[in-house]
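The values are calculated or read from the model by the stated rules, or taken from the named source; none is laboratory data. Treat the numbers as computed from the prediction; the structure is a model and nothing was measured. Glycine gets a Cβ as well: all are built from the backbone with ideal geometry, and neighbour counts include every protein chain shown. SASA here: full protein model, heavy atoms, side chains in, ligands and nucleic acids out. Shrake-Rupley method; radii C 1.70, N 1.55, O 1.52, S 1.80 Å.
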Amino acid sequence: MAVQPIRLFGDPVLRTPAEPVRDFDKELRKLVADLTETMLDAPGSGLAAPQIGVGLRVFTYNVDDVVGHLINPRLDLSEEEQFGPEGCLSIPGFSFDCRRALRVVAKGYNMHGDPVTLEGSELLARCIQHETDHLDGVLFVDRLDREARKAALRAIRETEWGNAGPPEVRVSPHATLGRAL
Ligand code: NI
């Protein structure tokens, strides 16, 4: 297990849809361990595999002292919404109010391949939606209202890391059968 570097806004891996997990093997369990350790070290309330450069549909969460993970998630969202502050370890130092469904039922698998249902409201629901977005190459700033999004992107561009050139090519720490990015 090891803490991995977190990819920042502008890294193309964050814009690349991740592939479903097919092999529930030792490598996957190592990925979940690395994601969990990296998330807790940051610390953050969630982390998705693309954020450490692995293009697989896996995320971890850490909400109200409950730490877990979900693989190949499928979400069922409530119509009722919430509007509140959200942040992202790939956009460090920023928080913007973002609209999300208030409740979510997420179905997927654990790292052993057993079916799992994860139900959450408020912060956990926000986290599940945010992390699942990462697996589709979507960042939370994409979901802001138009004016707020423009202001957010302007602020991000003014940071040192938000205005970097093309990122250097890095090698994923995980052998993911050609799915690493
Ligand atoms: Ni994020």
(request) For region 87-126, name all the residues that are closer than 19 Å to Thr38 by Cβ and either open to solvent by less than 10 Å² (accessible area, probe 1.4 Å) or away from the ligand (no atom under 16 Å from the Cβ) (or both). (result) Ser90, Ile91, Asn110, Met111
(request) Could you tell me whether Pro166 is outside any strand (DSSP E or B) and either under 25 Å from Leu40 (Cβ atoms) or modelled with pLDDT of 95 or more (or both)? (result) no
(request) Working only within region 109-120, note down all residues that are in contact (Cβ under 8 Å) with a residue 40 or more places away in the chain and assigned to a strand (DSSP E or B). (result) Tyr109, Val116, Leu118, Gly120
(request) Can you tell me which residue among Leu77, Leu14, Leu35 is modelled with pLDDT of 95 or more and more than 15 Å from the ligand (Cβ to nearest atom)? (result) Leu77
(request) Provide a single number: the residues in region 38-74 that are more than 21 Å from Pro12 (Cα to Cα), out of contact with any Ser or Thr (no Cβ under 6 Å at 6 or more places or on another chain) and of a type in the set (Val, Ile, Thr). (result) 3
(message) Let me confirm something: among Phe9, Phe59, which residue is open to solvent by less than 10 Å² (accessible area, probe 1.4 Å) and among the aromatic types (Phe, Trp, Tyr)?
(response) Phe59
(message) Considering only residues that are in a loop (DSSP other than H, G, I, E, B) and within 11 Å of the ligand (Cβ to nearest atom), which ones fall in region 127-143?
(response) Val138, Leu139
(message) Any residue in region 142-160 that is in contact (Cβ under 8 Å) with a residue 40 or more places away in the chain sitting within a Cβ distance under 8 Å of a residue that is assigned to a helix (DSSP H, G or I) and surrounded by 11 or more Cβ atoms within 10 Å (Cβ to Cβ)? List the pairs, counting only those 6 or more apart or interchain.
(response) Arg143/Asp133; Leu144/Ala152; Ala152/Val141; Ile156/Val141
